[in-house]
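Enquirer: Dropping a structure here in structure tokens format, bear with me for questions.
Taken together, the values in this text are just the output of simple stated rules run on the coordinates, not laboratory data. Note that the structure is predicted; figures quoted are calculated from it, not measured. Glycine gets a Cβ as well: all are built from the backbone with ideal geometry, and neighbour counts include every protein chain shown.
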Amino acid sequence: MIEVLVTLVIVSVGLLGVAAMVINGLESNRNAYLRTQASILAYDMADRIRANVVEADSYGGFSFDAGDELPTVPACYSSEGGCNAASMGDVDKAQWASALAMSDGGVILLPEAQGAIARNGDEFVVTIRWIQPQWNEGDDEIQNQGQNFVLSFNL
């Protein structure tokens with residue numbers, strides 16, 4: 001009987017270890033998902049800037065916070081005539097802000113996302129920030145930590 005009790009204790013400790021590994025794996029998976037979404041959004045804007053080199057100046061200095069009001073997409077985007085290069089820059093920024101604000105289909109890409117584009121000569125820096133809840137063992141509570149993804153590229 002004592003052997004069975006000892007076996008149960010050993011098995012239960014092992015199962016607790018397995019459960020902790022699964023939880024850590026799920027958290028790592030979620031963190032990787034959020035970083036991947038940030039990477040996709042940053043490279044999306046980089047590709048938009050590269051596709052509209054003529055109006056590259058208009059992208060520098062743009063920033064958006066998920067709490068801000070969304071920029072409007074110019075009417076030319078849905079018209080038969082299409083947009084010129086300057087208007088296409090406004091379309092790109094409005095669509096990117098919409099993706100940051102998770103307003104495209106209601107899918108949460110990044111919680112409380114912020115995005116900014118800076119230009120210094122031919123170098124562009126696309127920065128995306130988001131809030132990521134993480135467990136703080138010292139305080140025994142969940143705390144929000146800011147995360148950054150920075151993409152630098154040259155035209």
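Enquirer: If you line up the long axis of helix 2-51 against the longest principal axis of the chain, both from Cα atoms, how many degrees apart are they, to the nearest 10?
Expert: 10
Enquirer: Fully extended, how many nm does the chain gain between residue 153 and residue 43 (0.36 nm per residue separation, minus their Cα-Cα distance)?
Expert: Full-extension gain reported as 38.6 nm.
Enquirer: As a test of the formula, what do you get for the chain when each DSSP H run with n ≥ 4 contributes -39,500 (n - 2.57) and the sum is divided by the residue count, at 222 nm and rounded to the nearest 500 deg cm²/dmol? Don't skip to the end; give the middle numbers.
Expert: Details: 2 runs with 66 residues, N = 155.
My calculation for the chain gives -15500 deg cm²/dmol from helical runs alone.
Enquirer: Using the beta-carbon distance between residue 72 and residue 131 and R0 = 30 Å, what value does 1/(1 + (r/R0)^6) give for FRET efficiency, to the nearest 0.05?
Expert: Numbers: r = 26 Å, r/R0 = 0.88.
Using R0 = 30 Å, I get an efficiency of 0.70.
Enquirer: Using the beta-carbon distance between residue 118 and residue 27 and R0 = 41 Å, what value does 1/(1 + (r/R0)^6) give for FRET efficiency, to the nearest 0.05?
Expert: On the way: r = 32 Å, r/R0 = 0.77.
So the FRET efficiency works out to roughly 0.85.
Enquirer: Same structure again: What label, among (1) 0.95; (2) 1.00; (3) 1.23, belongs to Rg/Rh (Cα atoms, Kirkwood Rh) computed from the structure on display?
Expert: Answer by label: (3).
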